[in-house]
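The values are calculated or read from the model by the stated rules, or taken from the named source; none is laboratory data. Not measured: the values here are computed from a predicted model. Note that each Cβ is placed from the backbone with ideal geometry, even for glycine, and that neighbours are counted across all protein chains shown. For the accessible areas, the whole protein counts, side chains as well, though only heavy atoms, and no ligand, DNA or RNA atoms are used. Shrake-Rupley method; radii C 1.70, N 1.55, O 1.52, S 1.80 Å.
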Amino acid sequence: MNENTFKERLKLFFIKNQRSSLRIRLFNFSLKLLSCFLYIIRVLLDDPTHGLGCKELNRSCSNQNYTPGTIDWSPIIWVNRSLPLWGLQVSVALISLFETLLLSYLSYKGNIWEQILRISFLLEIINAVPFIITIFWPVLRNLFIPVFLNCWLAKHALENMINDLHRAIQRTQSAMFNQVLILISTLLCLIFTCICGIQHLERAGNRLTLFDSLYFCIVTFSTVGFGDVTPKIWPSKLLVVIMICVALVVLPIQFEQLAYLWMERQKSGGNYSRHRAQTEKHVVLCVSSLKIDLLMDFLNEFYAHPRLQDYYVVILCPTEMDAQVRRVLQIPMWSQRVIYLQGSALKDQDLLRAKMDDAEACFILSSRCEVDRTAADHQTILRAWAVKDFAPNCPLYVQILKPENKFHIKFADHVVCEEEFKYAMLALNCICPATSTLITLLVHTSRGQTAPWEAFRQLTGTKQTLNRESQQSPEQWQKMYGRCSGNEVYHINLEESTFFAEYEGKSFTYASFHAHKKFGVCLIGVRKEDNKNILLNPGPRYIMSSTDICFYINITKEENSAFKKQEKHRKNHESKLSYRGASRLPVHSIIASMGTVAIDLQDTGCRTSSGPTLALPSEGGKEGRRPSIAPVLEVADSSSLQTCDLLSDQSEDEATPSDDEVSAGLEYAKGYPPYSPYIGSSPTFCHLLHEKVPFCCLRLDKGCQHNYYEDAKAYGFKNKLIIVAAETAGNGLYNFIVPLRAYYRPKKELNPIVLLLDNPPDMHFLDAICWFPMVYYMVGSIDNLDDLLRCGVTFAANMVVVDKESTMSAEEDYMADAKTIVNVQTLFRLFSSLSIITELTHPANMRFMQFRAKDCYSLALSKLEKKEREKGSNLAFMFRLPFAAGRVFSISMLDTLLYQSFVKDYMISITRLLLGLDTTPGSGFLCSMKITEEDLWIRTYARLYQKLCSSTGDIPIGVYRTESQKLTTSESREMASQSQISISVEEWEDTKDTKEQTSYRGNHRNSTSSDQSDHPLLRRKSMQWARRLSRRVPRHSGKTAEKINQQRMNLYRRSERQELAELVKNRMKHLGLSPAGYDEMNDHQNTLSYILINPSPDTRLELNDIVYLIRPDPLAYVPNTAPSRKDSFCNTVGQDTREETQL
């Protein structure tokens, strides 16, 4: 094709070039509108009674009148057109005809009839050619020409013009906009054609004006039909029929297409308004699939903060909105603030629809229910890259699943790696009970929810009141647990704080203790103004500065508390209750942890002597006098720093290893692991071996040339095992081992770790774990009793069951946990004394953990949970016993950590420090201590706080308490009645078993195990078998009958637990294992445990309470001149370690 020809040049200008083509179409559209405007002017100036056309044909028309049944065609054929108006119309017709012919010639492709028979070409000929004929035949100058039909040509030109406009500005046109434009233009053309046609035809009838015709058309098309204006002659009536038929055909088609596009637009969500984006604040949530649980968790947590109430949430999801999400988003509370857009974060058009460049933040969440979690991470990484490329200034909050993929998104502002947090939390659960519950409660905005214990009392049927001594009713633990669960982590500048401003220049430990004593707040960490690193409990050597940022735990932040300054009263009160030596602790009038109520505590001085356990002073007083608690010093001196050197116990432990350890070669080194399984892991100072263990020795159940042990019992471990049941040895499992081998864990307290894996681990993982002491693996499954016995489940301290990736996706979402729950229930029945920590996919399924169908207490808790959920609680399941005790955990409960970091950008850093994922020099770590009988002399939490701060520098943050459940009134009566009434043989045996179990648990306060009086399945089957045996066997002699009767009675007496115990012991004997360590009757089912975060200072300590502590970094107090210890991993590694960790 030769582009230099004249035709090609014209074609380039009129058709191909977008901008010039747009100008041509705009000019054509203007001509058509001008012709319609000239027609209206002609109609307004025309008077049908003048009959100018008749005079020119020498016909007298002025005296003609309309008579019914006859039609005068002259007013229809001839019109009154003035000469100037005729000249304008002829000019417009010439230009339009010339343009039409030129465009037809340029677009000609060999078929002439295709060009001629086009509707637009025919309309152009009808409207333009008669005007050109009147130039050569003047007598036809007043001939009527239907110029109003040019409105359809104008509509056609408008559609082409819009297409060219979008092409010229490189913008994708909206199908919705096009369809609305076509519908409106079609409707206007129909009405305009009907108006002009009726008005002209009625020149021979009613002689209607344009306004009358407009009125008639509107009334007719709206189906009202008043009948005051009607056509009189048949041509106008025929036109009305034709126009109605056309409207009935054309308009429904247009409306159907518009409705379809509207429904599709509703599915995709449309666009987020640019004007709204510039005037209102919004955040974008990017997910691959949106589930109702994920949506509600995000919305409840995000909008829990008062300053976020005016924010909009724009959801960008590639899938169509499901029915549940649609119903929720139609609720008025969410419909005005949540906007759903169907689209992909990888498309700039969809990011533009979401106005990502104007967003305050973008949350990118991974789909944890995907079968291939690595592929899910890859999608998350691409979304993060796309958002960062499109909106570089938009803060990114990213959730990743696998730790090895974390380094790809290091540019994000906040990152939460699911497997890192999960395994570290499960590991800490083994040494600090219920750490998962502690972290979950801290990162949730629980709004200080408390247990509706009155409702619970009605559900359980108990009638108890709280007496003056506060004896605990079945609801008391919920009341305390619910109140303390409202504590969260807040921050404030020291110089702006009422809580901490007076401690400028004082030590951190002094500030923490006195702030808790006066205001009930727990100061846990600080951050210097010129440093981004947060220090948890930097210890007594750290001096508070006015520019420090203080992080504290309280029920509400200081700015929102109802605390009122009463300086004069407080100073007078302090002067009266000042310290009088180190022998007595005064108790001030403090603000309790609720932050609003002032409580005057009684003197908690204990006048009885108790044995010292928490490093009591050497001058501990005479006999009969309780040990004193030293005051917390404002600035720690050298002597106090010696008492705060937490390496002292460990150094003694390491300096003089026992003979057994020396002979076994168990003297460990301390250093950084030489090999990490993935990029981006935080280096942690750990207990390590001097030489790595051969891979063959890591296998627990198979002997090798180095050792011949084939089960855990043969190793003769001194400490109980920690067993981890997982599907594969993923890189995240490395984070389970590191916290349990951290340098601050005493060497004598290290528990052996056994990894029970469904699939064999790869070499890279074995390379990473072979440097850690007492870490083994075994290929097996928790569904196999033999595998459990070989790995040492009978003498394990904790059994951690990790949710399997292959079961996370199921046809029914909540069934993903079915296999895990049933397996754990089997473990619970077989090994009742085993502490089992379970990870679930869905938090709602935790109600099935340790399930007992006829337990009235559990049923009452279930009703309580439903009521809490109806009230919109963020943690409706928090009163479930497994969650409160820390025996069940779901990683989805930590999603709120990422959401809350939008308001509290420090929460991820603090959580990582608590879990040991990050180790900042000078920052403390989470640990725990148990309250023994020797520690009960401390009596209250406030005195314990002082004792810890003054002796070791530890900061307590909460208490883990275990209590016995109490029988309800109805259950106790039923038990009493069963022991007194004469019943049948079966029931008598059941009651006897119940009494035996109850007497065995005499050390417990009470019991609620209602299934003690039921007939379990196995027991019922054995009794049925005994009955059938007695029926089938014929009568024998007395001795034989007595023997059979004795056998039947023995079967009756066998309880379900005895049968299960017999099964386990038989399997152990079959495997060659000694059943001596299996204690089938040690049962902890009748106890409940819960957490008290930052309890009030007057909280009484109880026996076996476990106190959560943030202990200072031991390496922060090691002097530079200290002699080198024997625990260096090697000379170079040890030197580098000391240089890096010393402050």
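Remark on the stretch 72-170: ratio of C-alpha radius of gyration to 2.2 N^0.38 Å is 1.28.
Compactness check for the stretch 475-534: Cα Rg over 2.2 N^0.38 Å is 1.36. With Cβ to Cβ distances under 9 Å as the rule, what net charge do the other residues near Thr820 carry (K, R +1; D, E -1)? Combined, the nearby Lys, Arg, Asp and Glu give -1. Cross-link list Lys720/Lys947; Lys16/Lys109; Lys7/Lys109; Lys422/Lys804; Lys355/Lys388; Lys720/Lys747: which exceed 19 angstrom alpha carbon to alpha carbon? Over 19 Å apart, Cα to Cα: Lys720/Lys947.
Every Cα-Cα pair of the stretch 178-232 was included, and the share exceeding 16 Å stands at 43 percent. As a length-normalised measure over Cα pairs under 8 Å and 6 or more apart, the relative contact order of the stretch 821-968 settles at 17 percent. Normalised by residue number, the volume inside the convex hull of the Cα atoms of the stretch 883-960 is 141 Å³ per residue.
Extension gain for Tyr675 to Asn160 (0.36 nm times residue separation, less C-alpha to C-alpha distance): 178.7 nm. Placing one equal scatterer on every Cα of the stretch 744-843 and applying the Debye formula, the log10 ratio I(q)/I(0) at q = 0.21 Å⁻¹ is -1.20. Pairs of C-alpha atoms in the stretch 505-563 farther apart than 15 Å represent 48 percent of all such pairs.
Placing +1 on the Cβ of every Lys and Arg and -1 on the Cβ of every Asp and Glu, with nothing else charged, gives the stretch 258-354 a dipole about its Cα centre of roughly 260 debye. Three principal axis extents of the stretch 297-446 based on alpha-carbon atoms, in descending order, are 49, 34, 30 Å.
For the stretch 194-353, the dipole from Cβ point charges (+1 on Lys and Arg, -1 on Asp and Glu) about the Cα centre works out to 320 debye, to the nearest 20.
Shape annotation for the stretch 225-339: C-alpha extents along the principal axes are 73, 28, 23 Å, from largest to smallest. Projected onto their three principal axes, the Cα atoms of the stretch 346-430 cover extents of 47, 25, 19 Å, largest first.
The stretch 373-416 and the stretch 232-311 have Cα centres lying 31 Å from one another.
Provide the convex hull volume over Cα atoms per residue for the stretch 296-335, in Å³. Can you show the working numbers first?
Details: hull volume 2.9 nm³, N = 40.
In the stretch 296-335, the Cα hull volume divided by residue count equals 73 Å³.
Shape index of the stretch 817-938: Rg/Rh, with Rg the Cα radius of gyration and Rh the Kirkwood radius from the inverse mean 1/r over Cα pairs, equals 1.04. In units of the compact-protein estimate 2.2 N^0.38 Å, the stretch 318-380 shows a Cα radius of gyration of 1.30. Once the C-beta distance of Asp413 and Leu122 is scaled by a Förster radius of 60 Å, the resulting FRET efficiency is 0.40 to the nearest 0.05. Solvent exposure of the stretch 195-319 amounts to 50 Å² per residue of accessible area, where only protein heavy atoms count and the probe is 1.4 Å.
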